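Written out below as structure tokens is the structure these notes cover.
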Amino acid sequence: MKSTLSWYKIAESREEIEFSPNGMAELEVSGKKICLGLHRDTLFACTHKCPHAGGILADGYLDASGNLVCPLHRYRFDPRNGRNVSGEGYFLKTFPLEIREEGVFIGIAGGSLFGG
Ligand code: FES
């Protein structure tokens with residue numbers, strides 16, 4: 001079953017989002033925490049907690065290839081597609097982002113943030 005996306009505005013513009021020096025940011029959308037990252041010019045969004053053991057991904061960092069490195073056990077994820085590029089077999093849930101004239105929007109499936 002294909003669920004529809006609900007779009008939530010997270011900022012007026014990309015420049016408005018404040019990233020830490022590690023290129024990461026955390027924000028709340030519809031009461032849930034989301035991790036945002038910026039690698040070169042590409043913005044991405046994923047779940048706040050690592051799928052391995054709940055590491056706070058906004059406290060991690062981006063390696064030279066743009067992979068998100070979890071601060072707890074250093075597993076690496078490609079934030080463009082959620083692939084666990086260091087090979088442990090986990091999958092990081094990611095969310096689509098759209099930069100529109102009216103602002104930056106995040107797409108979340110079916111009203112349930114983490115349900116699959
Ligand atoms: S909790 Fe993220 S790698 Fe273990």
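Just so you know, all these numbers are worked out from the coordinates, no wet-lab data involved. Bear in mind the structure is a predicted one, so any value in this text is a computation, not a measurement. Every residue, glycine as well, gets a Cβ built from its backbone with ideal geometry; the counts of neighbours run over all protein chains shown.
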Qualifying residue in region 19-35 (condition: more than 16 Å from the ligand (Cβ to nearest atom), touching a Cys at 6+ places or on another chain (Cβ under 8 Å) and without any contact (Cβ under 8 Å) to a residue 60 or more places away in the chain): yes
Count - residues of region 50-73 that are farther than 15 Å from Met24 by Cβ and either in contact with a strand residue (DSSP E or B) (Cβ under 7 Å, 6 or more places away or on another chain) or within 7 Å of the ligand (Cβ to nearest atom) (or both): 5
Matching residues, region 63-99, being of a type in the set (D, E, K, R) and closer than 21 Å to Arg40 by Cβ: Asp63, Arg76, Asp78, Arg80, Arg83, Glu98
Complete set of residues in region 80-100 that are assigned to a loop (DSSP other than H, G, I, E, B) and out of contact with any helix residue (DSSP H, G or I) (no Cβ under 9 Å at 6 or more places or on another chain): Arg80, Asn81, Gly82, Asn84, Val85, Ser86, Gly87, Glu88, Gly89, Tyr90, Lys93, Pro96
Matching residues, region 74-91, being touching an Asp or Glu at 6+ places or on another chain (Cβ under 8 Å) and closer than 19 Å to Leu38 by Cβ: Arg76, Val85
Matching residues in region 1-51 - criterion: being of a type in the set (S, T, N, Q), in a strand (DSSP E or B) and surrounded by fewer than 14 Cβ atoms within 10 Å (Cβ to Cβ): Thr42
Subset of region 92-104 that is of a type outside the set (A, V, I, L, M) and in contact with a Leu (Cβ under 9 Å, 6 or more places away or on another chain) - its residue that is nearest to the ligand (Cβ to nearest atom): Lys93
Considering residues of region 74-91 that are charged (D, E, K, R) and in contact (Cβ under 8 Å) with a residue 24 or more places away in the chain only, the residue farthest from the ligand (Cβ to nearest atom): Arg80
